[in-house]
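Heads up: the structure comes next, in structure tokens.
Bear in mind these aren't lab numbers, they're just calculated from the coordinates by the rules spelled out. The model shown is predicted, which means the values in this text are computed figures rather than measured ones. Cβ placement follows ideal geometry from the backbone for every residue including glycine, while neighbour counts extend to all protein chains displayed.
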Amino acid sequence: MALCRHFSGNVLLMAQDEALACVAVQQLQTEGLSPCFHHADISDLRSILTLQDFQQKEHVASIPGLQQKFTSETILEEELVGLMNKFVEDTKNGVHTNEGWPDVKTMAYAVCKMAMTVLSRIHARRLSEQRRGDKILLNACHPGWVRTDMGGPKARKCPEEGAETPMYLALLPSDAEGPHGEFVMEKKVE
């Protein structure tokens, strides 16, 4: 809130809890301030991609094409490895923001999750091309924010609830044709 009060540029308020964020935005608006709110859940690929798109269009300059590379339907594994190596090197050298990468320490985790999702799409595409008759379905899934050592005690889901989407995918009927090569959350393709 202090930044919004003292900074003359655009202030982007990001939060995982939209209700709390709306309260904060309303409070700032009563003070004559106008922050821009955007939902941001670092454990949700869709949220990350939406935020990246928003930042690129509205607020944050980044290298054109970085997001397009990650979302390309034709990206190859070698290209993905190259992007991730570039991310690591750019971060080590402190030039990651200049190169279009996020500037939040926790975003390293999010970038890695995004890369794993892209890698699953690449392998799903390869299965479709090389082993179509085997009827193997490959997807990336997100269990949600789960109360684990990593998720912490404030996470919204218990481990059993977090297992619902992975179990749904693992137990699809043997004749299922999809989903395949998708990102699945809450048993829905995102």
Report the gain in length on full extension from VAL88 to SER72: 0.36 nm times residue separation, minus Cα-Cα distance, nm rounded to one decimal. 3.7 nm
With each pseudo-label sitting 7 Å past Cα toward Cβ, what's the THR97-TYR168 distance in nm, one decimal? 3.8 nm
PHE37 long-range amide H proximity, modeled H, under 5 Å: LEU13
So, R0 is 45 Å and r is the distance between the beta-carbons of ASP134 and GLU31; what FRET efficiency does that work out to, to 0.05? 0.15
What shape does the range 65-190 have by the C-alpha gyration tensor, where a ≥ b ≥ c are the square roots of the eigenvalues, rounded means a/c under 1.5, and otherwise prolate means a/b greater than b/c and oblate the rest? oblate
Please compute the length gained on full extension between GLU18 and LEU119, using 0.36 nm multiplied by the number of residues separating them and subtracting their Cα-Cα distance. 33.3 nm
If you stretched the chain out fully between GLU160 and GLU79, how much longer would it get, using 0.36 nm times the residue separation minus the C-alpha to C-alpha distance? 25.6 nm
